[in-house]
Structures are given as C-alpha cells and as structure tokens.
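Chemist: Quick one: the structure is below, questions incoming.
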Amino acid sequence: MKKYWWTLVFVLVGTFTILGFFGSEVYKKAPPLYESINSSSQGIIYTKDDILDGQEVWQSIGGQQIGSIWGHGAYQAPDWTADWLHRELVNYQTIYSQNKLGKSFNDLSKQEKMLVKASMLEDYRESKVENDKVLISDIRYQAYLKTKQYYLSLFSNSPELRETRKAYAIHEEVLPSAERREKMMAFFHWSTWAASANRPGENHTYTNNWPHEPLIDNVPTSENIFWSIISVILLLTSIGFLVWYYAFKKEEDDVNPELPSSDPLKNFKLTPSMKSLWKYWGVVVVLFILQIGLGGILAHYTVEGQDFYGFPLSKFLPYTLARTWHIQIALFWIATSFLAAGLFIAPIINGGKDPKFQRFGVNFLFGALLVVVFGSLTGEALAIHQLLDFDLSFWFGHQGYEYVDLGRVWQILLLVGLGVWLTLMLRCIAPALKIAKDNKQLLLLFSASTIAIGLFYGGGLFYGARTHISIMEFWRWWVVHLWVEGFFEVFATVALAFIFVTLGLIKPRSATKASLLSTSIFLVGGIPGTFHHLYFSGTPISISAIGACFSALEVVPLVLIGFEAFHTFKVQKLTSWTKNYKWPITFFVGVAFWNLVGAGIFGFLINPPIALYYLQGLNTTAVHAHGATFGVYGLLSLGLVLFIVQTTFQERKWNDKIMGYGFWGMNIGLGLMIILSLLPIGLIQFDASLEIGLWYARGSEVMQSDLIQNLRWLRVIGDVIFALGAVFYALAILDKTGLYKLKSGKSEFEGDLVVEN
C-alpha cells in the first residue's frame, strides 16, 4: 500500500506548492488601487478609500447576488463591469463627436469613426498614471459623469428606470442613501478601469482583455487561445493513459468473494448519539423543500422582475435575498447531511460504542448549527434591506460574496461548529485505530478527510471587508472549490467505501487502494484547478495557464464514471439482503451519472479560457452549477440520509413506488430544467456574447426577448416535476420511519419512539 500513500502525499505536496506559489502572484499582480482617480481639469474624482467604501456598500446590498463584477455573481441583472464599460464608451463616442467634430457619432464618416476609436484606445487602453494617481481626459470624465448618473438613478427609486429595474429583477430603492450610491459608483468604475487599462509593459488589460468589448479591442489574447488548446491536448492524453491503466493494470479485486449471508448491520444496536441524529436528517429534508420553493420564486422573478403573479413580493423578499437564501440553504442542508453521515458512521467505527457525552455533543452541535442557520439568514435579510449599520453589515449581515454570503461572525461560528464535529468524529475513530487491523489504513484515510473538512473552511477567513477583490476571489474559491468540490468529495468517496466494507461487500484493502487512487487522481487536477475560476479576476496570465491545464485534468477521472456506476449498481444485486439498500445505492448511481454530465461535460464546457472568455457570467454557468451542485452533492447527500434512515428503521420496508417517483422526479425534473430552459438560454447568450459583447448578452434586449421569456416559462415543466419528486422523497421517508403511513392514510406520530427509545 505504500506506493498509494506516497502517491497521495506527492500529489498533496506538489499541488499545494503550485497553489501557494501562484497564489502569491495574485497578491503581487492584482490591479492596483491607486491613491486617486483624477480628471485632467477637475482634479480628484474619487480616492482609494472611496473604492473600498464602495466595495463595502456593494457587499451590503448582496454583492454578487445582484448582478456581477468581473463575471462572478448572479445572472439576471447585468455584469456591472461590462455594462458600465460599454455605456461609458458609447457616451465617450457621443461626447467626442459633438465636442471635437460638431456632429453626432452616427453621422461620422468611417475615417472620423476611426479617429474616435483611436482616441478611446489611447484614453482607456493606455491609461496614464503619475505619482500613484490615474489621470483621465476631460472627455472620459464627462462620459464617466453621464454613466454614473444612470447608475445613481438605477439603484434609487427613480420612476424613469422602473421598467429597467423590473427587467433586471432589482427591487425599488436598493440603496436609499445617496452617499452610499456615490461610493458604490467609485467601486464599479474602478472595476471597469481595470478591465480596460493595459498592464504595464503588456498589450492586454488587468483582466486579460475580459469582457469582450470590440469598441476598445477587448478580444481574447493569444495566451488565452494557446492555453485552451494545450488544456484539450492534455485532457486527451490523460484520458488515454487512464483508460490504458484501467484496461491493463488495475486489479479486479474490489468485490469480496466471501459475502455475508445476512446484513452485518441488521442486529446492530444503535447508540444514543446515532438515535439523536433524526433531527439532522429531518432538517435536511425541510431545508431541501424550502430551497426548492425559493428556487421557484427566483425563476419567476426572471419573468415578472419584482412581482410574484402580481403580488409585490420584492418589497419583502427581493430577488437578491431569495437568491442568497437559495444558495446558502443548499450549502446548509448538503453540509448537514455530510455531518450527520459522519456522526452516524463514527460509532460503527468504534465498535458500536459512544464515547462519554457523545450524545450531548451531537445535540449541542445541532443547536449550534440552528443558531448559525437562522442567525445568518436573518442577518442577510437585514443587510439587503439596509437595516444594519454599515460597519456591522459585513460581520453580522451579508459578506456580498457568492457561497460565502453569511456574515463573518456566523462564518466563524460555523467554523467552530466544524471543529466540534471534528472532535466528535475523532473521539470515535481514535480508539478504533488502536485496535484496527485490516481496515486501519482505510480509517486513516477517513480520519484525514474528516480533518480536511473541519479545517479547510477556514480559508474563507483570510480576507476581510476591504480586501482587494482579486485576493478575495482567490480565498473564496478555497472554500467553494477546495472545501466543497474537493475535500467533501474525498470524504464522500471514503465514507461510501467504508460503508461497503462495513456491509462486507468490498475487502478493506481493495477499498483503501481504490480510495487512495481516486483521491490522488481527483486532487491532482482539483487543487491547482481552483485557478480556472480566476482567469479574468485581475490575475496574471500564469494563472490562466495553470488553471486551464489542471482543471482539464479534473475531467479525467469522470471518464471512468461508467465503471463506478456499474460497480455501485451491482452491489445491490450481490445478495438477497443488499436489496434493502436499493434506494441509497440508486441515489449513489445517480451521483455517478451527474458527475459525468453535470460536473464533467457541463463543467468542461466552461473550463478552457477561450470558452469562459465568452461564457463567464452566462446561463451556461448555471447549467453546470445545477447539474453539479444538486446532481452530485445533492443526490449524494440525499443518498446518505437514506442510508441513515435504512439502518435506523430496518424493520420497516421502503415504499418503492413512492421512492421511485421521488428519485426519477428529481432526476428527470433537473434534466428538463437544463434542457428546456437553462442550456438554450445560455447558448443564445453565448451567440450574443460572441457576436457583440458580454454587455449585450446580459442586457435586457436579449434577456427580455420573447424567445428567452418563452424558454423561461418552459422551465416550469422541469421545476414542477423536480419539486414533486422532492415531495415524494420526503413522503417515502415519512412512510419508512412510521411517522406517516401512506397506505392507510393515517398519521402515526410517535414522538421520539423508535428514534430515542
């Protein structure tokens, strides 16, 4: 086994070295925050402090949940960088034509238009900096003022832009304070300066020529195209090697030839801590249903903007808040299911015994999680409604960053909760490690993955409210990519392996080898692949090179997903008693499918730099997000809940009909949601982004067109089927636990009966 362990160690040391070294480049080469932005004749326009104040204002209104900056954020409203830049350039053309040539821009000859463009290229691409101050021309300053006035009106309650706000699903008077609106304009404008000014000594902007804007020759760089081609070649080469390895080298010794004649867990006596976990999976189901409801509201907002079938819902639950809660609740219920699965498996590892005060710890952790959930959701609502003091918003309200929206205090408390969970886990695992023999190495790997989950969420604490947005993005993706997409997946892989070993279906040695190999293959691309989120976030070309090559490797293990699905599926057919685990295993097979489609195909669709250049911030990202987040982590979480329920209530049979409706309803509904709506909308936007520019692809002319509106309504079909599937899933669990008998229709509420007694 040594070679497998050394391979994993080599992968971890090598990949984190790469991540750390090039991460330092993000710090060194982030777009500068100069002392001030100055007009040639008017002096200081705004200062560095104004930019950072504006960033905090933007965070307080929901930040990345209301439009996006540099392509990161919500898809409904515009990308403010691309939108502001285009509006300012059009205003520049108008002002220059009138002031310099005495006629409108549309009346200019081709040669005169070329003169205007040459002036724009000099003003924007060759931005002047002297004594730590950016100097802009008077014409650019006038264009800035005109553009700023539009945005000041947009984020107020001005009647002339009410229809625009509806098209963008922005609620009225987002920022009641005129002073805060002014500050936020400084942050918006600085983001466009970075997207239009060349890096010193380079012929591309700080954002690598993103967004696509032909007016100032923002087009893909040669490096962008080069590393995209290299990434595809690397992908094909790696796939060929892995297929060769599995065909000629992999040992087929995963299934235990001496299968148990009966379920090893059939007579397992649940410990008090295991019995008390009913609260965890109960909350998972409740939050899952709530998240679906919020998703339906969000989908409808894309049609009506501010209302829900005529009711002015945005006054109370604006799009920004609904999307914040939709994403946060998803992370909460998925994380809760993983925590519950770990706490359920831990006593099994410990030979069916609870350490002292284990049940108290489980109940204490549950209470702490409820405080974090409800505290953070309340804080986010207060922040978005501008009811929190400005200085408190980041700490108790809304951080403004997608997936880590919760205020910093709640984020710290969540990290403390993970520390409690880690302690509860290790208290059970440590004694088992001392006496373990055949499965000792699998337990070591399980322990390592547990520690990683407990610690890597801490990456989200390495930035503050006034941290440079490029640096913030680096650390934010430590949480989203490394913590969620990385080590949660490792934990899930090892947990499933341990479950199958416990059931006697796979030999410990084979499970350990497979888990170590899978983890190494996944992390070799997954850790440096974090950079594929940062191509256009004010990072140097080296980030694109590393991100493109290593993120391509993330797809490699997914090519063999058919083997994983087949081996997982055949587990339920190995003996008569394994049929009892039909539904948890079926959900795990579903995970394998969506791993290939949602994470693999739809993920690689937007992975290469040349693809993401045109696709960043479009609905194609939502396709990947839904397919991977629910298809992989959602189904896996629901499958883990079913394993807990099956083991807890073994004497009761599943209602196969109802659970079948649940499984297929959610999977078919998700597929229809993507095929009928999200994907075609994304492809329409892609064409618009490719032909004209990102500002146009995200603008109301495209997004409010009849075709897009019809595609949005078509999503109702998939949404309804998906929601019904979730309801059937919940009903099947109620029936299995005896809390509600579907056949008789009679309620059988028994309190803590089976669960606690």
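Chemist: Measure nothing fancy, just the Cα-based angle from helix 582-594's long axis to the longest principal axis of the chain, in degrees from 0 to 90, nearest 10.
Modeler: 30
Chemist: Could you state the angle between the C-alpha long axis of helix 80-96 and the longest principal axis of the C-alpha atoms of the chain, as a value from 0 to 90 degrees rounded to the nearest 10?
Modeler: Between the helix axis and the principal axis of the chain, the angle is about 10 degrees.
Chemist: I've got another one for you. Taking amide H atoms as placed 1.01 Å from N in the peptide plane, list the residues 5 or more away in sequence, or in a different chain, whose amide H sits under 5 Å from that of ILE45.
Modeler: ILE37, ASN38, SER39
Chemist: Using a 1.4 Å probe on the protein heavy atoms, what percent of the accessible area of the chain belongs to carbon and sulfur?
Modeler: 64
Chemist: Here is a further query. Using alpha carbons only, how many degrees (0 to 90, rounded to 10) separate the axis of helix 508-526 from the longest principal axis of the chain?
Modeler: Once rounded, the angle reads 0 degrees.
Chemist: Based on the mean of other beta carbon atoms within 10 Å per residue, what is the order of 148-155, 623-630, most packed first?
Modeler: Going from most to least packed, we get 623-630, 148-155.
Chemist: Suppose each label sits 7 Å from its Cα in the direction of the beta carbon; what would the THR423-ASP132 distance come out to in nanometres?
Modeler: 4.6
Chemist: Treating the beta-carbon of each Lys and Arg as +1 and of each Asp and Glu as -1, no other charges, what is the dipole magnitude of region 1-150 about its Cα centre, to the nearest 20 debye?
Modeler: 560
Chemist: Calculate one ³J(HN,Hα) per residue across region 344-354 by plugging θ = phi - 60° into the Karplus curve 6.51 cos²θ - 1.76 cosθ + 1.60, and present them in order as whole Hz with x for glycine and proline.
Modeler: 6, 6, 4, x, 5, 4, 7, x, x, 10, 9
Chemist: Follow-up. Before rounding to the nearest 500, sum -39500 (n - 2.57) across all DSSP H runs of length at least 4 in the chain and divide by the residue total; then give [θ] at 222 nm in deg cm²/dmol.
Modeler: Only helices count here, giving -20500 deg cm²/dmol.
Chemist: Where a ≥ b ≥ c are the square roots of the eigenvalues of the C-alpha gyration tensor, would you call region 165-275 rounded, which needs a/c under 1.5, or, failing that, prolate if a/b is larger than b/c, or oblate?
Modeler: Because a/c hits 1.5 or more and a/b fails to exceed b/c, region 165-275 counts as oblate.
Chemist: How large is the dipole of region 232-349 about the Cα centre if only Lys and Arg carry +1 and Asp and Glu carry -1, each at its Cβ, rounded to the nearest 20 debye?
Modeler: For this selection, approximately 480 debye.
Chemist: Taking every DSSP beta bridge that has both residues in the chain, what percent is antiparallel when rounded to the nearest 5?
Modeler: Given both bridge residues lie in the chain, the antiparallel proportion sits at roughly 75 percent.
Chemist: Something else now. Within region 117-198, how many Lys pairs sit with Cα atoms under 21 Å apart, leaving out pairs fewer than 8 places apart on the same chain?
Modeler: So the count of such lysine pairs works out to 7.
Chemist: Under 18 Å between alpha carbons, and skipping anything fewer than 8 positions from LYS513 in its own chain: which lysines qualify?
Modeler: Hits, sequence-local ones excluded: LYS2, LYS3, LYS249, LYS250, LYS437, LYS440.
Chemist: Please calculate how many Å² of accessible area region 10-64 carries per residue, with a 1.4 Å probe and no DNA, RNA or ligand atoms counted.
Modeler: 41
Chemist: Related question: Measuring from a point 7 Å past the Cα of GLN650 along Cα-to-C-beta, which residues in region 484-512 have an amide N at less than 11 Å?
Modeler: It comes to 503, nothing else.
Chemist: What's the center-to-center distance, using Cα atoms, between region 1-30 and region 649-726 in Å?
Modeler: Rounded to whole Å, the Cα centres lie 37 Å apart.
Chemist: Tell me, in nm to one decimal, what length is gained between TYR245 and GLU179 on full extension, where the rule is 0.36 nm per residue of separation less the Cα-Cα distance?
Modeler: Here the segment from TYR245 to GLU179 would lengthen by 17.5 nm.
Chemist: What Kirkwood radius, in Å to one decimal, follows from the Cα pairs of the chain?
Modeler: 27.3
Chemist: Follow-up. With the other protein chains left in place, how much accessible area per residue, in square angstrom, belongs to region 85-231 at a 1.4 angstrom probe?
Modeler: Here the residues of region 85-231 average 43 Å² of exposed surface.
Chemist: Within 10 Å, count the other beta carbons around each residue, average over each peptide in 172-179, 454-461, 511-518, and list them highest first.
Modeler: The packing order, highest mean first, is 511-518, 454-461, 172-179.
Chemist: In addition: Please work out the Cα center distance from region 96-123 to region 411-446, rounded to the nearest Å.
Modeler: After rounding, the separation between the Cα centres reads 68 Å.
Chemist: Please list, ordered by chain and number, the residues whose modelled amide H lies under 5 Å from the amide H of ILE506; skip anything fewer than 5 residues away on the same chain.
Modeler: Result for ILE506 returns ASN256, VAL501.
Chemist: A further question on this structure: Determine, for each peptide in 481-488, 493-500, the mean count of other beta carbons within 10 angstrom over its residues, then list the peptides with the highest first.
Modeler: Highest mean packing first, the order is 493-500, 481-488.
Chemist: I'd like the distance between the alpha-carbon centres of region 162-202 and region 213-228, rounded to an integer number of Å.
Modeler: Between the Cα centre of region 162-202 and that of region 213-228, the gap is 24 Å.
The values are calculated or read from the model by the stated rules, or taken from the named source; none is laboratory data. Just so it is clear, the structure is predicted and the values come from calculations on it, not from any experiment. All Cβ positions, glycine included, derive from the backbone under ideal geometry; neighbour counts span all protein chains shown. When the accessible area is computed, the model is the full protein with side chains, heavy atoms only, and any ligands, DNA or RNA have been set aside. Shrake-Rupley method; radii C 1.70, N 1.55, O 1.52, S 1.80 Å.
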